[in-house]
Each structure stands twice: as structure tokens, then as C-alpha cells.
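Take a look at the structure below.
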């Protein structure tokens, strides 16, 4: 489930210190994909001849994994990988409370304790510039190293592009090295309680103004319709970067707003533009009028739980946060939760922000050929189809899985899920500007949002935030 959104205070402390250190230049840190020293090419160049799944038979690959349903599906299927390749996989699984601490320390130490690992696409902005991540592009392009059936074109292109970057702050994604492969992802949409909507004669909002009005109406009228204690809309509010990236950033992007601009080759904060200030005031007002009373402590967990417990009439968050409440028998609201793309922007935009759990390779690994076979298998059609049908890979990263009859039949009982997925899949991408201070900047942004919610002037607070961030991101 959307486990990535826990408080990352320890992670921020570590990465904040690391990002303050001078970054290595691209020509000297193995950015060509080898991570083997200046002047060396990618280790992918050493793989020649016909492709062979058994070429690394007898090798052991070490993986670092976060505790997650995707991980459960992977571990349950590992014997098929070993049967296919002769490669044994040893793994460590950590809860997310300390997973990124473990990964950051291991990568920064250069010990290469792990060959492959889970990471979020945002982490490429932190781990890529110091040269910790293997560029997978040369492996993907080498027919001797990559099976034809892996089929790069089968990935949704926006998801593959999310792990590709030039390592230059402010540069768009989709260019440069491929530092992570999409594995499982989440789009941010609206889920709602069909029972309260039916009783109150409501329909899903098609504009942000309608969403704000709906949230207030539900909070006022739902208790009188038999939904004691129900409020209008659940959105995150804790002082964490994770508050910004789901519903807030999705609606922000649909309004045509940016977090940063690139001016003269340098990043400049844009969250204090007049239109951004007005939107932020409206978002805070929506939460005030229709959100939970203890909003400033809300993480994904509280949002998801309140939807399932019939405390929230709507949820604007990761579709997985609603999915795990909607499945049969999962919560008091199961069977009464439907999905909707959420409000469009003023110009009809359905631009949507996303999270992607990705897989990457340690640039210092001594078992890259075997590691690449593992990454191919884990992101391949065969495993991901099984994971979608028998586990909870509910947002497929591959087109073929999204169209698979078995997958569609599994998801068809959730009202609006498939229709919502198809409405936003091509419009969902990382809406943030790539830069190494991402976690610090968005955590500060969440703190500013809390201040505005508490009654402080949006203009004053956001001007202060922009001023603080201007030099940090440069």
C-alpha cells in the first residue's frame, strides 16, 4: 500500500547532510553506467554473444527491499526466477520507518552490501548525482544482456521516463541515464463513499470549486443522514514532504502551477506566484470547511482509514489508499467505495502527480550482470502479470498487464477503478521539478501549508518559503 508516505525525519537528516556535500561531476563518477572508475565504460559492454538467462548460473544476488505488498509478491515468486536463471537471491526486508536510512547509509558508504534495491523515483534526484546508481540504459540497449521478451516498449512511457534524468537540477525527466525501472506505481485520484453520495443526492466534483463545496456539504449534512462524525474530504496534512505530493500537487498541477521555474539556468521557487497563493488559500479553506479536525497530523494512513471507517466522505490521495479499504471485507465501507479522476483544472487538465516504486542497481555492485537479469525478471511481463492477478500490483506499469483479461476481471468489481485509471494513466507523471533538495523543500512547503491552515497570511508565508528555498536549491 502507499507505504512510502511515512515521516522521513531520519532520512531527511541523512540526505540533507549528503546533499550539502559537493556533487561529483558526470565525467568522473561512472555516469556512463559502469560506476567502475573514470574512463571505464559500462559493465554492460562486457556481455556479448546470444542472450542467455543462465549466463550467471550459480551467482548470488543481494537485494534490499522495503516491506510492501509488491515485495510480498516478489518473494512469493522468487523460485521461478531461480529456476529460470540458476541465480539465488538473498534479501533483507526493512519497514519503511528505517528502510531509506539503511539504503542511504549503504550507498553513501561505498560498501555495496546490496546489488539491487527498491527506491522511489524521487530518490534518483538524491542518489544519482553522487554516482551511486548504475545507469541501466547500456544494459537495456545491449541485446546480448537483455531478452527480447522484456519489451521496453510495453512500459507506459511516462513511467519509464520518470527514472531517466540528466542529473542536472531543473532539467526535465526523460533525458539522460536510466537510473531506475518502474515496478509499481500509484496515481492520485478521488475515491468516495457511494452510500452518502446517494443519500445526499451528490455527484463527484468536476472542478476544484465543486470539490470544495462538496467537502463542506458532506461535513454539514452527513451526520443528519445517518453518518455520525463524517467529514467531507480526507487529504494529508502532517509536516512531511508526503503531504504535498498526492492530492495537493495533483490539483496544483491541474491548475497549471509549478513548484520551481528555471531562469537563466537556475532554479527559482514559484509556489509564491499570485495564482499559487490563491490556490493554496483555497486548498486550506477546503480543509478547514470540510476536512478532519486534527488535519495537521494526517498521513496516508489516517486518510485511508477514515475512508474505510465511514468517517470521510471522500479521499483525494493514492488510489491504493482507497483500494485496500474498498476490497471485499476490508473495512466497514468496502463495497461502497467508488473511484473518480477528480476535478479538472480550469482548462480541463487532468494532470496528475504520481509515486513510483522503482528498482535500481548499485553502481559499485560486483555482480551487475546477475543483478541486471534479476531486474529484467522483476520488471518483466511474466512476473508482473502474476503479481497483478494473485497479489496487489493494482496499477500495472506495463500496458499488456493493464489490458490482461484476468487483471481487468479482478478490478472490475471496484466501481470506476478501471475507467479512472484509463482516464489519467497517460496524464500522470512526476509534476515536481527534479532537484536534490526535493525532500527538504517539500517538507518546508508542508509546514507552510499548516501555517496557512492555522490562519497565517498565505502571501506572507509563501513569500518566506520561497525566500528560504531560493539559495538552497541553487
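Can you find, within the range 156-178, the residue that is farthest from residue 137 (Cα to Cα) among those that are part of a strand (DSSP E or B) and touching a strand residue (DSSP E or B) at 6+ places or on another chain (Cβ under 6 Å)?
164
Could you go through the range 442-460 and let me know if any residue there is buried (at least 19 other Cβ atoms within 10 Å of the Cβ), outside the structural domain of residue 126 (by TED's automatic domain parsing), under 27 Å from residue 174 (Cα atoms) and under 17 Å from the mean Cα position of the chain (by Cα).
The answer is yes; a qualifying residue exists.
Among the residues in the range 289-298, are any farther than 19 Å from residue 333 by Cβ, in the same structural domain as residue 347 (by TED's automatic domain parsing), assigned to a loop (DSSP other than H, G, I, E, B) and modelled with pLDDT under 95?
Within the range 289-298, one or more residues are farther than 19 Å from residue 333 by Cβ, in the same structural domain as residue 347 (by TED's automatic domain parsing), assigned to a loop (DSSP other than H, G, I, E, B) and modelled with pLDDT under 95.
State all residues of the range 194-222 that are farther than 23 Å from residue 296 by Cα and free of Cβ contacts under 8 Å to residues at least 12 places away in the same chain; if no residue qualifies, say none.
198, 201, 203
Can you name the helices (runs of 4 or more DSSP H) wholly within the range 318-407 that have at least 3 residues being in the same structural domain as residue 138 (by TED's automatic domain parsing), at pLDDT 95 or above and crowded, with 23+ Cβ neighbours inside 10 Å?
Qualifying helices (runs of 4 or more DSSP H): 368-378, 381-390.
Kindly indicate whether any position in the range 52-59 is modelled with pLDDT of 95 or more, under 18 Å from residue 117 (Cα atoms) and touching a helix residue (DSSP H, G or I) at 6+ places or on another chain (Cβ under 6 Å).
Checked against the condition, which is being modelled with pLDDT of 95 or more, under 18 Å from residue 117 (Cα atoms) and touching a helix residue (DSSP H, G or I) at 6+ places or on another chain (Cβ under 6 Å), the range 52-59 yields at least one hit.
Listed residues 169, 215; which is more than 30 Å from residue 398 (Cβ to Cβ), touching a helix residue (DSSP H, G or I) at 6+ places or on another chain (Cβ under 9 Å) and not assigned by TED's automatic domain parsing to the domain that holds residue 313?
169
Report, ordered by the first and then the second residue, all pairs with beta carbons closer than 7 Å, sequence separation of six or more or different chains, a first member in the range 48-61 that is assigned by TED's automatic domain parsing to the domain that holds residue 376, and a second member that is in a strand (DSSP E or B).
60/88; 60/90; 61/89; 61/116
Working only within the range 175-212, note down all residues that are in contact with a helix residue (DSSP H, G or I) (Cβ under 7 Å, 6 or more places away or on another chain), assigned by TED's automatic domain parsing to the domain that holds residue 117 and surrounded by fewer than 17 Cβ atoms within 10 Å (Cβ to Cβ).
Selection gives nothing.
The values are calculated or read from the model by the stated rules, or taken from the named source; none is laboratory data. What you see is a predicted model; the values in this text were computed from it and never measured. Note that we place each Cβ from the backbone using ideal geometry, even for glycine, and neighbour counts take in every protein chain shown.
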